[in-house]
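Contents: one structure, followed by commentary.
No lab work stands behind these numbers, since they all come straight from the coordinates. Small disclaimer: the values here were computed from a predicted structure and weren't measured. Here Cβ is always computed from backbone atoms with ideal geometry, including for glycine, and neighbour counts include all displayed protein chains.
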Ligand SMILES: Cc1cc2nc3c(=O)[nH]c(=O)nc-3n(C[C@H](O)[C@H](O)[C@H](O)COP(=O)(O)OP(=O)(O)OC[C@H]3O[C@@H](n4cnc5c(N)ncnc54)[C@H](O)[C@@H]3O)c2cc1C
């Protein structure tokens, strides 16, 4: 690898040793694959990402896309990178053979996404968005829509976007104003503005297929009146060729802090003439269609955040091992050679915190992806229902915890480099800026926290929460046979009991009708349950390592590093949950009693 910073062992450890994703090949759905196929695909991904994505990550950040009033200009390397991605067949990885894809398990597809996000998140966003849009058409489109749109998207000729947000409606999608009026021709006339649309305009593809949320006049108010439409940038002839523009106009590009390689746009629909959209799914079920895809989109965001946390960690580790500065505590002779900064305990702290957060988060995201595969191959309805419950409660955590703590990892990664971290000579500041998006988009972290506590924990009388706690208890039981893990099992057991107690206190407040007080500190609850889940992930990693018979020399060192990160997490981070529990159980009303006009 020349440009790409990646630890392949970490991907292999999580996918194969921990999650055993190759076992899914026993199911007929994935029987055409085996570990060799997965490995070879990862090898190709690393080569393409190294040569065609990582090569221009810094350049596209420095030379961001610009709009000259008519056209959007991007550096040529972006198109070259995406062409290489498409040529290698990666656009089809998540799609079935019948759709022209390669039907890889979702967890393996996320392993590939890891590689490209580590190389260049800005360029990777175009194919990721296209795959997400095509996936939505696959799930909810009519047979005609699938026949028309899927092949050109999977072949990388047409790209896709997700158009939810508007200038005045971000978190509160029920308040969108974009309208869709039925015509006698079978299509709808779309009018309105969409804000923040990633990949909304460019000339990287022949066409852009926008998936647009809009309201049909006369429908119910709020989110129940939202429908979903396919709105192509260019209209499409009956033979599938691309025709004239469809009156989707670019008002301007947003100039962002990070992710600069991805164009981000304010689009007007129907401003300069008729903009045609085609209903996808049922009238007024648009948000449900979008949310159907959200679990996977949120795993994608969490994974990107965790990957950026890990990539920066690897950069800072290299730096710390090669930067001489100062001498060990107690060494007073100035003529002795300097030590590398990795010798200083405080620098080790900064390395350990990054490793603990990012590798904990990566294992959680891939666990979520493996749940998606297990759902697709579940033996019966009851197994399917259980897996679904687990995924439901984990999804807001998978999105928000890595987004928050991946960024915190980046804070410490940059700090390891001292002044150099603050310059553009090293990628740390860019990665930090890129990662700052992840707590904001795909439902802000505040919205995820409210979803976790208000909906997912409380739903079906706490069924998902109870299931999650049972899963954690099962790992504790399994690990209690391993004496060397005693420290971890005891701590996780105590923390789980505390989380249950706190959750019952909050649920009781909700049952008394004190919903405001129950939900006011939802972010702290995300810290509490998220922190516990990451502790669970680290115990699972330790248990997995304890059971690997006769590891190689290289693995022995790698496993020792893992153990130190687990120990750091359990001694430094897990005890913080107690503080969160105390605050939550007091039903603290500081936030409710604050008048923001007095601040
Ligand atoms: C770079 C970038 C790319 C994006 N790409 C896309 C895209 O491709 N397609 C798309 O549709 N959108 C996209 N978005 C939009 C993104 O999803 C929104 O920015 C996000 O949903 C928040 O909406 P908002 O910006 O209007 O903030 P607001 O909704 O105004 O929120 C502002 C603050 O208030 C908080 N808040 C709001 N309501 C509540 C509440 N009820 N309870 C508690 N706190 C609340 C939020 O958490 C946030 O901290 C993108 C955004 C960015 C910055």
By counting other Cβ atoms within 10 Å of each Cβ, how are 441, 56 ranked from fewest to most?
441, 56
Order 109-116, 565-572, 259-266 from most to least packed using the mean count of other Cβ atoms within 10 Å.
109-116, 259-266, 565-572
Out of all DSSP beta bridges in the chain, what portion is antiparallel? Express it as a percent rounded to 5.
80 percent
Taking neighbour counts of Cβ atoms within 10 Å as a proxy for exposure, in what order, fewest first, do 30, 313 appear?
30, 313
Taking every pair of Cα atoms in the range 488-599, average 1/r, invert it to obtain the Kirkwood radius, and report Rg/Rh to two decimals.
1.16
Using only Cα atoms, find the angle between the long axis of helix 35-48 and the longest principal axis of the chain, and express it within 0 to 90 degrees, rounded to the nearest 10.
80 degrees
As an exercise, find the ratio Rg/Rh for the range 116-181 from alpha-carbon atoms, using the Kirkwood inverse-distance average for Rh.
1.06
Taking Rh as the Kirkwood radius, which is the inverse of the mean 1/r over Cα pairs, what is the Rg/Rh value for the range 304-394?
1.32
Rounded to two decimals, the Debye log10 I(q)/I(0) of the range 340-455 (Cα scatterers, no solvent) at q = 0.15, 0.19, 0.20, 0.21 Å⁻¹ is -0.77, -1.00, -1.06, -1.11
By average Cβ neighbour count within 10 Å, what is the ranking of 423-434, 176-187 from highest down?
423-434, 176-187
For 347-356, 60-69, 298-307, ranked highest to lowest by mean beta-carbon neighbours within 10 Å, the order is 298-307, 347-356, 60-69
Using a basic spin-label model with each label point 7 Å from the Cα along Cα→Cβ, how many nm lie between residue 66 and residue 142?
4.5 nm
Multiply the residue gap between residue 58 and residue 440 by 0.36 nm, knock off their C-alpha separation, and tell me the result in nm, one decimal place.
135.3 nm
The extension gain from residue 483 to residue 329, computed as 0.36 nm times the residue separation minus the Cα-Cα distance, is 52.0 nm
Determine which residues of the range 248-272 fall in the zone a paramagnetic label at residue 424 would reach in this model, i.e. backbone nitrogen under 17 Å from the point 7 Å along Cα→Cβ.
255-262
Quick one: what does P(r) look like for the range 215-298 with 10 Å bins over all Cα pairs, in whole %?
15, 30, 41, 14, 0
Whole-angstrom gap from the range 154-180 to the range 305-357, using each part's C-alpha centre:
44 Å
Take the alpha carbon atoms of the chain, find their radius of gyration, then divide it by 2.2 N^0.38 Å using N residues; give the quotient.
0.98
Using bins 10 angstrom wide from zero, how does P(r) for the range 471-542 break down, in % of all Cα pairs?
19, 42, 24, 12, 2
Which shape class applies to the range 159-217: rounded if a/c is under 1.5, otherwise prolate when a/b exceeds b/c and oblate if not, where a ≥ b ≥ c are the square roots of the Cα gyration tensor eigenvalues?
oblate
For helix 76-87, report the angle its Cα long axis makes with the longest principal axis of the Cα atoms of the chain; keep it between 0 and 90° and round to the nearest 10°.
90 degrees
By counting other Cβ atoms within 10 Å of each Cβ, how are 414, 173 ranked from fewest to most?
173, 414
The range 505-537 and the range 1-60: distance between their alpha carbon centers, rounded to Å:
36 Å
Using alpha carbon centers only, the range 561-588 is separated from the range 367-434 by a whole-angstrom value of 18 Å
Rounded if a/c under 1.5, otherwise prolate or oblate - the range 247-380, Cα gyration tensor axes:
oblate
Acute angle (nearest 10 degrees) that the helix 576-585 long axis makes with the longest principal axis of the chain, alpha-carbon atoms
60 degrees
If each DSSP helix of 4+ residues adds -39,500 (n - 2.57) and the sum is divided by the residues in the chain, what number results at 222 nm, nearest 500 deg cm²/dmol?
-17000 deg cm²/dmol
Using the 2.2 N^0.38 Å rule of thumb for compact globular proteins, work out how the range 1-65 stacks up: its C-alpha Rg over that value, please.
1.46
